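> I have a structure I would like to understand better, so I am pasting it below and will then ask my questions one at a time.
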Amino acid sequence: MRVPDKIQSLMVLRRRHVPIETIIDVGAQLCTPELTFVFPDKPHLLFEPVREYIEHIRVNYNKINYTLVEAAVSDKEGEVTLQIRAIGGSATITHSGMVSGPADSIDKRVVPMVTLDGYLLRHPQKPPYLVKLDVDGCEEQIMRGAEETLKNTSVVIVEGTKGNLTERITFLEARGFEIFDLVEACYYDQSFWQCDAVMLKQSLHAQYFTRLQNDNFWPEKYEAFRLTYK
């Protein structure tokens with residue numbers, strides 16, 4: 001049964017032979033296991049500015065062809081102040097984000113900052129790309145700095161909350177993508193909070209998938225996700 005699961009969604013794209021040559025993972029943290037599981041044979045370009053994650057990345061990607069860029073990604077290049085956080089009582093860093101102002105406290109540090117367009121111009125990778133964005137709130141800036149990159153991208157996976165998901169989907173729709181899947185829904189106090197939107201280039205959707213039309217409806221292709229209660 002088709003379910004809103006990230007691995008299953010990616011496996012469908014892979015089985016349909018949607019063209020993807022390089023995985024661009026912005027906000028790799030320790031690892032993105034769904035991407036390494038489905039695409040272990042593809043090169044992974046990882047962007048991660050939190051130095052505490054680096055050794056974990058080297059261990060977790062030891063069987064993957066990867067390049068690690070220790071920098072934040074945004075819509076301009078230079079340096080930026082990064083604030084790190086540990087939430088939920090964690091003893092380790094769980095989140096990080098770019099902030100304005102100096103690094104004037106123990107939880108702030110200055111890190112390099114690049115754009116995807118700028119980095120790929122200097123260090124070309126084989127297209128088409130799958131781009132994953134999960135950076136705790138800075139996804140819009142990253143996409144604004146990736147206009148050329150998106151032209152060579154087949155799939156974008158972007159995290160969004162109930163407050164910004166529509167805006168992020170609309171941004172990508174204006175650049176030729178459409179919703180392929182909404183996966184990994186998370187709830188707070190039993191109310192929807194966030195999910196990942198898997199966005200597929202419209203031309204590829206038309207090439208690799210059948211669009212539902214009233215005058216050409218295939219009942220066997222229609223699936224409804226329902227839990228069974230006893």
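The values are calculated or read from the model by the stated rules, or taken from the named source; none is laboratory data. Keep in mind that this is a model prediction, so the values were computed, not measured. Cβ: placed from backbone, ideal geometry, glycine included. Neighbour counts: every protein chain shown.
> Could you list, in sequence order, all residues of segment 161-200 that are in contact (Cβ under 8 Å) with a residue 60 or more places away in the chain and either more than 20 Å from A224 (Cα to Cα) or surrounded by fewer than 19 Cβ atoms within 10 Å (Cβ to Cβ) (or both)?
The answer is L182, E184, A185, L200.
> Does I7 satisfy the condition of being closer than 21 Å to I142 by Cβ and of a type outside the set (F, W, Y)?
no
For (1) closer than 25 Å to P19 by Cβ; (2) at pLDDT below 95; (3) surrounded by fewer than 14 Cβ atoms within 10 Å (Cβ to Cβ), each residue gets a yes or a no:
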| position | (1), (2), (3) |
| --- | --- |
| S74 | no, no, no |
| I84 | no, yes, no |
| A91 | no, yes, yes |
| V135 | no, yes, no |
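> May I ask you to verify whether P49 is surrounded by fewer than 17 Cβ atoms within 10 Å (Cβ to Cβ), in contact (Cβ under 8 Å) with a residue 40 or more places away in the chain, closer than 24 Å to T153 by Cβ and not acidic (D, E)?
Spelling it out, it is not the case that P49 is surrounded by fewer than 17 Cβ atoms within 10 Å (Cβ to Cβ), in contact (Cβ under 8 Å) with a residue 40 or more places away in the chain, closer than 24 Å to T153 by Cβ and not acidic (D, E).
> Would you check if E139 is free of Cβ contacts under 8 Å to residues at least 60 places away in the same chain, of a type in the set (D, E, K, R), touching a Lys or Arg at 6+ places or on another chain (Cβ under 8 Å) and surrounded by fewer than 17 Cβ atoms within 10 Å (Cβ to Cβ)?
no
> Please go through segment 96-126 and pick out each residue that is under 26 Å from L165 (Cα atoms), surrounded by fewer than 16 Cβ atoms within 10 Å (Cβ to Cβ) and not aliphatic (A, V, I, L, M).
Matches in segment 96-126: G97, S100.
> Name the single residue that is surrounded by the most Cβ atoms within 10 Å (Cβ to Cβ) among those in segment 201-216 being out of contact with any Lys or Arg (no Cβ under 8 Å at 6 or more places or on another chain) and modelled with pLDDT of 90 or more.
Checked segment 201-216; the qualifying residue surrounded by the most Cβ atoms within 10 Å (Cβ to Cβ) is K201.
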